[in-house]
Amino acid sequence: MIVLFSTTNKHKIREANETGKIYGIGFEQINCIYPEIRDEKFENIASEGVKYVYEKIKKPVIVEDSGIIIDALNSFPGTFSAYIEKKLGNKGILNLMRDVEERNRTARYISAVAFFDGKILKTFVGTVEGKISTGERGSGGFGYDPIFIPNGYKETFGENPEPKKEISHRRKSVETFCKFYVKYNEDIK
Ligand code: IMP
């Protein structure tokens, strides 16, 4: 089964396919650029995006909106994560957090996958809890991975991206989508 995934981020496609293959689903990248609405909820941004893409291509499709929420920064950068990554980068985030103690460095990644086929609109959300390291560590993964330590681990996702396959926000959102899609595919036959 092939599912179209509209994104310009090749990491999202790679990670989605690591989960999809377990369910016999391959995600095929399309680059249909959609306007991102301004909203604090990843689900709302993904839902509006997927409706826009569907109207352009008239085929069932998914988009994913994701980001990182840092408690000590009042949930910043949240749905502005991509923009802030470009403007401040990991060094800028670490600088904002330079006086924050270990126990207050809690953070989470959130991923919202939205599917639309012209009638059915569904969103699937996944979260992974962790904390922000005090320095950049590792070069694996992408984005904030060198400063994100998932709960239960000592290394950042940058030092060891392997656990992302099992515990990441994207693993969880894509997995619930895959479970839905396997059944959806049966039902429309
Ligand atoms: P989007 O493309 O608007 O969904 O923005 C996603 C942004 O959130 C990325 O550009 C990263 O800055 C951040 N992000 C989301 N997921 C991850 C991840 O798995 N690792 C590192 N950064 C991530």
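The values are calculated or read from the model by the stated rules, or taken from the named source; none is laboratory data. Keep in mind that what you see is a predicted model, and the values were worked out from it rather than measured. Heads up, the Cβs are rebuilt from the backbone with ideal geometry, glycines too, and the neighbour counts pull from every protein chain shown. Accessible surface areas use protein heavy atoms only, side chains included; no ligands, DNA or RNA. Shrake-Rupley method; radii C 1.70, N 1.55, O 1.52, S 1.80 Å.
With a 1.4 Å probe and every protein chain left in place, work out the accessible area per residue of the chain in Å², rounded to a whole number.
52
From Cα pairs below 8 angstrom and at least 6 apart in sequence, can you work out the relative contact order of segment 1-74, rounded to a whole percent?
Result for segment 1-74 is 33 percent.
Taking all protein chains as present, what is the carbon and sulfur share of the accessible area of segment 2-187, in % to the nearest whole number, probe 1.4 Å?
Looking at segment 2-187 in its full context, I get 49 percent from C and S.
What do you get for the angle between helix 42-57 and the principal long axis of the chain? Use alpha-carbon atoms, 0 to 90 degrees, nearest ten.
Roughly 40 degrees, rounded to the nearest 10.
Hey, what do the phi angles of segment 141-156 turn into as Karplus ³J(HN,Hα) couplings, whole Hz, using 6.51/-1.76/1.60 and θ = phi - 60°, x for Gly and Pro?
x, 7, x, 7, 4, x, 10, 10, 9, x, 4, x, 10, 9, 8, 6
Helix 10-20 against the longest principal axis of the chain: what's the angle in degrees, Cα atoms only, rounded to the nearest 10?
Once rounded, one gets 70 degrees.
For segment 2-187, with the dipole built from +1 on Lys and Arg beta-carbon atoms and -1 on Asp and Glu ones, taken about the Cα centre, which of Gly143, Gly89, Ile22 lies farthest toward the positive end?
Going by the charge dipole, the pick is Ile22.
Length gain on complete extension for the stretch Lys10 to Lys58, per 0.36 nm per residue less the alpha carbon to alpha carbon distance?
Result for the pair: 15.0 nm of gain on full extension.
Once label points are set 7 Å from the Cα along Cα→Cβ at both Lys87 and Asn74, what is their separation, rounded to one decimal in nm?
1.5
By how many degrees, between 0 and 90 and to the nearest 10, does the Cα long axis of helix 169-187 differ from the longest principal axis of the chain?
Result, in degrees: 10.
Straight-line reach only, C-alpha to C-alpha below 16 angstrom: list the aspartates and glutamates that Lys119 could link to, leaving out same-chain residues fewer than 8 apart.
Of all the aspartates and glutamates, those that pass the test against Lys119 - Cα under 16 Å, at least 8 places apart if same chain - are Glu48, Glu55, Asp187.
For segment 113-128, in order, what is each residue's ³J(HN,Hα) by Karplus, 6.51 cos²θ - 1.76 cosθ + 1.60 with θ = phi - 60°, in whole Hz (x at glycine and Pro)?
Listing the rounded values in order: 9, 10, 10, 8, 10, x, 10, 8, 10, 9, 10, 9, 10, x, 9, 10 Hz.
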